[in-house]
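The values are calculated or read from the model by the stated rules, or taken from the named source; none is laboratory data. Everything quoted here is computed from the prediction, not taken from an experiment. Neighbour counts are summed over all protein chains in view; Cβ atoms, including those assigned to glycine, are modelled from backbone coordinates with ideal geometry. Each accessible area value is taken on the protein alone, full model and side chains, heavy atoms only, with ligands, DNA and RNA left out. Shrake-Rupley method; radii C 1.70, N 1.55, O 1.52, S 1.80 Å.
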Amino acid sequence: MTLHTLCLAQDRDADALLSSDPFALLVGMLLDQQFPMERAFAGPYLIASRVGTPDRLDPAVIVTMDPGAFRALMTGPPAVHRYPGSMGERVQQLAGVVMETYGGDASAVWAEVGNGAELLARLEDLPGFGVQKSRIFVALLGKQLGVKPEGWQAAAGTYGERGSRRSVADVRNPKTLAEVRAFKQEAKAAARAASTG
């Protein structure tokens, strides 16, 4: 699936799963909200390990699990996410869409799309994927996975800019993770200054 091994979770096993399993990558992106990025992207491996298939996160298994049992799996310890209940529900919803709309193949979300706008629209239709998260995922696909339909950079917006350090799309190693984190902290500080000034 990838041009290289992703380095989003900063953990060898978790990153290997993200690099080989499209559904795991989608789940990692889903979990990347109000939670440290590397822990969010380690989440799919934690879930897969807990269901007994650490080398694959199967949407067919996730969607058929009892919601209470899945919530318990998400709660841990350790918790897969800061909000294990609501995020667990979204993970199961995402698995349902992948099964129903894409035949269980998460890579079909971005395979054979006509252009970047279509890719963005498909992502925005997924549970838990708003406009910003969808743009970041378009950038991740283009910058690191070689998925570059016509107009992908326009669809990604500023996240698609070459050499930027804005999001997970730009994280390739611990150094770039630190640069992305610094960019986000500066952006938050600027936003706070603007709201108080």
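Within the range 115-153, no residue satisfies the criterion of being among the β-branched types (Val, Ile, Thr) and touching a Lys or Arg at 6+ places or on another chain (Cβ under 7 Å). State whether the residues of the range 131-138 include one that is modelled with pLDDT of 95 or more and aromatic (Phe, Trp, Tyr). Yes, the range 131-138 contains at least one residue that is modelled with pLDDT of 95 or more and aromatic (Phe, Trp, Tyr).
The residue that is nearest to VAL131 (Cα to Cα), counting only those in the range 71-119 that are among the charged types (D, E, K, R) and touching a residue at least 40 places away in the same chain (Cβ under 8 Å), is ARG90. Taking the range 168-197, which residues are not aliphatic (A, V, I, L, M) and not in a helix (DSSP H, G or I)? Hits for the range 168-197 are ARG172, ASN173, GLY197.
Conditions tested, residue by residue: (1) within 28 Å of LYS143 (Cβ to Cβ); (2) not small (Gly, Ala, Ser).
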{"residue": "THR64", "(1), (2)": "no, yes"}
{"residue": "PRO67", "(1), (2)": "no, yes"}
{"residue": "VAL97", "(1), (2)": "yes, yes"}
{"residue": "ALA111", "(1), (2)": "yes, no"}
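For ALA156, the requirement of being touching a residue at least 40 places away in the same chain (Cβ under 8 Å), closer than 26 Å to MET87 by Cβ and in contact with a Lys or Arg (Cβ under 6 Å, 6 or more places away or on another chain) is met.
Among the residues examined, PHE137 qualifies as under 20 Å from GLN34 (Cα atoms) and within 17 Å of the chain's Cα centre (by Cα).
Taken as a whole, the condition of being open to solvent by 70 Å² or more (accessible area, probe 1.4 Å), part of a helix (DSSP H, G or I) and closer than 13 Å to VAL27 by Cβ does not apply to GLN132.
Only residues that are modelled with pLDDT of 95 or more and either open to solvent by 60 Å² or more (accessible area, probe 1.4 Å) or polar (S, T, N, Q) (or both) were counted across the range 13-45, and they come to 5.
The selection criterion, being touching a helix residue (DSSP H, G or I) at 6+ places or on another chain (Cβ under 7 Å), small (Gly, Ala, Ser), under 18 Å from PHE137 (Cα atoms) and modelled with pLDDT of 95 or more, does not hold for ALA48. May I ask you to verify whether GLY104 is among the small types (Gly, Ala, Ser), open to solvent by less than 50 Å² (accessible area, probe 1.4 Å), modelled with pLDDT of 95 or more and on the phi < 0 side of the Ramachandran plot? The answer is no for GLY104. Of everything in the range 108-128 that is in a loop (DSSP other than H, G, I, E, B) and within 14 Å of the chain's Cα centre (by Cα), the residue that is farthest from GLY160 (Cα to Cα) is PRO127. Within the range 149-178, the set of residues being surrounded by 13 or more Cβ atoms within 10 Å (Cβ to Cβ), over 18 Å from the mean Cα position of the chain (by Cα) and either under 17 Å from ASP32 (Cα atoms) or of a type in the set (A, V, I, L, M) (or both) comprises ALA154 only. Here ARG71, ARG165 are screened, and the one residue that is assigned to a helix (DSSP H, G or I) and of a type in the set (D, E, K, R) is ARG71.
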